[in-house]
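I have placed the structure first, in the form of structure tokens, so that the comments after it can refer back to it.
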Amino acid sequence: MPPPFPNGWYGILESSKLQPGDAKFIACLGEKLVVYRTHEHKVFILDAYCPHLGANLGIGGRVVGDNIECPFHQWSFRGEDGGCNNIPYSTSIPRGTNVKKWISQEVNDFIFIWYHAESSEPWELPVPMEAQKKNVYHGRNEFYINCHIHEIPENGADMAHFAAIHNESFLAGSLAPRISVLSRFGCHKWNASWFPTTGKDKHIAEIALTHSLKIIGKVNCFQMKVSGKQIGPSYVYLTMNSSIFGQIQILQTITPIEPLLQKVVHRFYGPRWLGPLLKVFIYGESIMFERDINMWNHKVFRRNPILAKEDTSIKQFRVWYSQFYTSNSKQFSDVANVDW
């Protein structure tokens with residue numbers, strides 16, 4: 001089994017869930033964190049537990065300026081470096097009284113944290129949504145999946161699985177689409193390719209898809225071209241282009257809650273006038289994703305799988321994804337939960 005937490009950027013909280021003055025406790029990546037937003041809209045992420053007597057800064061902590069104040073004894077910690085700058089009942093501050101400050105960035109309606117076992121400097125996090133300001137937010141879905149994080153992005157490089165589980169109409173549902181009577185009302189056709197990027201953007205891989213929905217045996221509709229970027233181990237940006245419906249964007253984040261428990265969020269954007277149709281699209285995408293979840297929840301991870309010659313892209317993916325592990329990446333035994 002690979003280490004559970006690859007190195008990279010992780011979207012751990014949607015921007016809309018953190019209002020000015022809010023502080024939230026987030027447990028992910030084997031860490032316990034407090035994420036807070038100042039009244040000037042700055043976001044800071046620190047280790048959650050106060051070094052004094054261990055109170056959780058994310059539960060009842062108060063945002064004061066750029067600082068987070070402990071709810072237990074009102075010790076105050078700076079967001080910029082995690083240092084303690086005030087103990088209200090003391091005239092001195094003990095040495096080493098600080099909490100870890102995490103590198104973070106807020107883009108595309110998500111708050112991201114930089115996680116790296118070697119404390120390396122982060123790569124640039126793309127901001128593709130800024131180029132499409134005409135598109136508006138239409139909705140989201142959220143899933144919890146029992147698998148290793150590696151399994152989810154590898155799906156994009158698994159060309160054979162599209163025909164195996166995604167051909168039946170989304171109307172046939174996610175559990176047993178092949179035997180559903182609604183599978184007769186159309187079928188999806190896919191053509192996909194996956195390839196890594198080299199050079200300074202080697203942490204990015206790309207997927208290209210064409211899709212059409214065939215109904216009544218011969219009529220093709222809802223044709224679209226999909227281009228996607230896998231940015232690091234856990235973030236995907238998809239753009240779907242149709243001559244009829246224009247452009248739809250999907251942002252996917254994977255957050256490892258535990259070594260074998262992943263939280264996946266998709267957020268959907270498109271033209272405002274597309275609202276009613278996009279609700280159907282979100283429903284269809286959710287059904288298709290649930291078909292994948294039915295596989296992930298009940299499979300094992302094969303470190304050395306037996307592959308057919310047509311599975312070349314899976315081999316390429318595994319070589320590409322290995323860059324997100326380094327010599328100090330935590331193993332499963334290192335992240336066993338020993339907290340109270």
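Data for the structure
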{"item": "Pairs where the first residue, in segment 197-209, is part of a loop (DSSP other than H, G, I, E, B) and the second is among the hydroxyl-bearing types (Ser, Thr, Tyr) and at pLDDT 90 or above, C-beta under 9 Å, 6+ apart", "result": "His203/Thr197"}
{"item": "Residue list for segment 48-67, restricted to those being in a strand (DSSP E or B) and open to solvent by less than 40 Å² (accessible area, probe 1.4 Å)", "result": "Asn56, Val63, Asn67"}
{"item": "Residue list for segment 227-236, restricted to those being buried (at least 19 other Cβ atoms within 10 Å of the Cβ) and within 18 Å of Val127 (Cβ to Cβ)", "result": "Gly228, Gln230, Ile231, Gly232, Ser234, Tyr235, Val236"}
{"item": "Residue in segment 258-289 that is farthest from Asn146 (Cα to Cα), counting only those that are open to solvent by 10 Å² or more (accessible area, probe 1.4 Å), aliphatic (A, V, I, L, M) and not in a strand (DSSP E or B)", "result": "Leu277"}
{"item": "From Gly65, Gly139, Gly61, Gly82, residue being out of contact with any Ser or Thr (no Cβ under 6 Å at 6 or more places or on another chain), more than 19 Å from Leu13 (Cβ to Cβ) and small (Gly, Ala, Ser)", "result": "Gly65"}
{"item": "Given (1) surrounded by 14 or more Cβ atoms within 10 Å (Cβ to Cβ); (2) not assigned by the TED database to the domain that holds Arg140, index of the condition Ser333 fails", "result": "(1)"}
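The values are calculated or read from the model by the stated rules, or taken from the named source; none is laboratory data. As the structure is a prediction and not an experimental result, all values here were calculated from the model. As a convention, Cβ positions derive from the backbone with ideal geometry for all residues, glycine included, and neighbour counts pool all protein chains shown. We work out accessible area using only protein heavy atoms, side chains counted, and drop any ligands, DNA or RNA first. Shrake-Rupley method; radii C 1.70, N 1.55, O 1.52, S 1.80 Å.
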